[in-house]
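Student: Just passing along the structure, written as structure tokens.
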Amino acid sequence: MTQSGKMLYIVVCAAGPAGDVGRLVELAQSEGWTIQLISTPTALNFIDVAQLEQQTGRPVRSQYRNPGEPRSSPADAIIVAPATYNTINKFALGIADTYALGVLSEAPGMGIPVVVLPFVNSVLASRAPFRRSVETLRAEGVRVLLGPGEFEPHPPHTGGARFDTYPWQLALSEVSVPGKLL
């Protein structure tokens, strides 16, 4: 169901927890957010589009709109979850080769608060390009929830054991608590 209130874009990427993004939608709606779900092209294979469209009352967006189609309402905040290694690196570099990345690329310049909740393994998280990307995003005011007390990367090939404990609520708390992002 669509709730009245502020507009929250949820950008979902192709990582294991993506199939449970409806949990984040439910949590956000219970706090009065209206949700626009945006999927990376590959994440469409991870999510139940029909169920999420019914839950939000809006189409899941994964491509730029055609001329004459209505625009989505502007975002008051954006959560990227689960955020993949690839999406985080492209976002930091300003690469806008998908609709989701185009939305993210514009957000910092438009003053829209963005929270990134990664889902990466420890080997990828230790790579210099990823560490630089996190630093770059943080320097632009993007809140990347990575580190102790936030998302802590798992050893390679063990991510499946972390799906049920993926901390969706952490990202929502960053956009919902007075004095934080909004």
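Student: Mind checking which residues of segment 28-51 are in contact with a strand residue (DSSP E or B) (Cβ under 8 Å, 6 or more places away or on another chain) and either farther than 23 Å from ALA96 by Cβ or surrounded by fewer than 16 Cβ atoms within 10 Å (Cβ to Cβ) (or both)?
Tutor: ALA28, GLN29, TRP33, THR34, VAL49
Student: Right, another one. Residue under question is ALA81, and the condition is that it be of a type in the set (A, V, I, L, M, F, W, C) and more than 22 Å from PRO167 (Cα to Cα); does it hold?
Tutor: Against the criterion (of a type in the set (A, V, I, L, M, F, W, C) and more than 22 Å from PRO167 (Cα to Cα)), ALA81 does not qualify.
Student: Ok, one more. Exactly one condition in (1) out of contact with any Cys (no Cβ under 8 Å at 6 or more places or on another chain); (2) open to solvent by less than 10 Å² (accessible area, probe 1.4 Å); (3) within 22 Å of PRO118 (Cα to Cα); (4) of a type in the set (Val, Ile, Thr) is false for VAL80; which is it?
Tutor: (1)
Student: Moving on to the next point. Could you figure out which of (1) at pLDDT below 95; (2) open to solvent by 50 Å² or more (accessible area, probe 1.4 Å) isn't true of VAL175?
Tutor: So the condition that VAL175 fails would be (2).
Student: Within the bounds of segment 156-164, is there any residue that is buried (at least 20 other Cβ atoms within 10 Å of the Cβ) and in contact (Cβ under 8 Å) with a residue 24 or more places away in the chain?
Tutor: no
Student: Within segment 113-146, track down each residue that is within 13 Å of the chain's Cα centre (by Cα) and either open to solvent by less than 40 Å² (accessible area, probe 1.4 Å) or polar (S, T, N, Q) (or both).
Tutor: Those that are within 13 Å of the chain's Cα centre (by Cα) and either open to solvent by less than 40 Å² (accessible area, probe 1.4 Å) or polar (S, T, N, Q) (or both): PRO113, VAL114, VAL115, VAL116, LEU117, PRO118, PHE119, VAL142, VAL144, LEU145.
The values are calculated or read from the model by the stated rules, or taken from the named source; none is laboratory data. Since we're looking at a predicted model, the values are computed, not measured. Don't worry about glycine lacking a Cβ; one is built from the backbone with ideal geometry, like all the others, and counts go over all protein chains shown. Just the protein is used for accessible areas: all its heavy atoms, side chains included, with ligands, DNA and RNA removed. Shrake-Rupley method; radii C 1.70, N 1.55, O 1.52, S 1.80 Å.
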